[in-house]
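What follows draws every value from the coordinates through simple rules; no lab data is involved. Since the structure is predicted, the reported quantities are computational estimates derived from the model, not experimental observations. With ideal geometry, Cβ positions are generated from the backbone for all residues, glycine too; neighbour counts draw on all protein chains shown.
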Amino acid sequence: MNTRIQKWGNSQGLRLPKSILEKADLTVEDEVSIRVDDGTILITPVRRIRGKYCIENLVAEIPADYIVKETDWGKPEGNEEW
């Protein structure tokens, strides 16, 4: 199926036919990731666990100067091994 890149205001866009969205299990307002791989534009659905958070976005928010610290949770209890 062919489509055409069109100008919308100061942007350009593609209209995706409903049949294509259905095959990709996408609907209006779903989030997608867009990247270029060797000259090919790839549009990939962003699937979120429980629909709220995306690990890539959360990791991107970690400050560059963040230092991981070890936390002491106390002595093992029951069958725990540390």
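Tabulated data
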item: Rounded to the nearest 20 debye, dipole of segment 1-64 from Cβ charges on Lys, Arg, Asp, Glu; result: 240
item: Surrounding net charge for LEU14, when Lys and Arg each add one and Asp and Glu each subtract one, Cβ distance under 12 Å; result: +3
item: Residues of type lysines that LYS7 reaches as a straight line, Cα spacing below 21 Å, ignoring anything fewer than 8 places off in the same chain; result: LYS18
item: Sparse-neighbour loop sites [chymotrypsin sites (Phe, Trp or Tyr not before Pro); segment 1-79; at most 11 other C-beta within 10 Å; DSSP]; result: TYR66, TRP73
item: Along the chain, longest interval not containing exposed trypsin sites (Lys or Arg not before Pro), exposed being DSSP loop plus at most 11 other Cβ atoms within 10 Å; result: 16-46
item: Options VAL32, GLY9, THR71, ranked by Cα towards positive dipole end of the chain, top entry (Cβ charges); result: GLY9
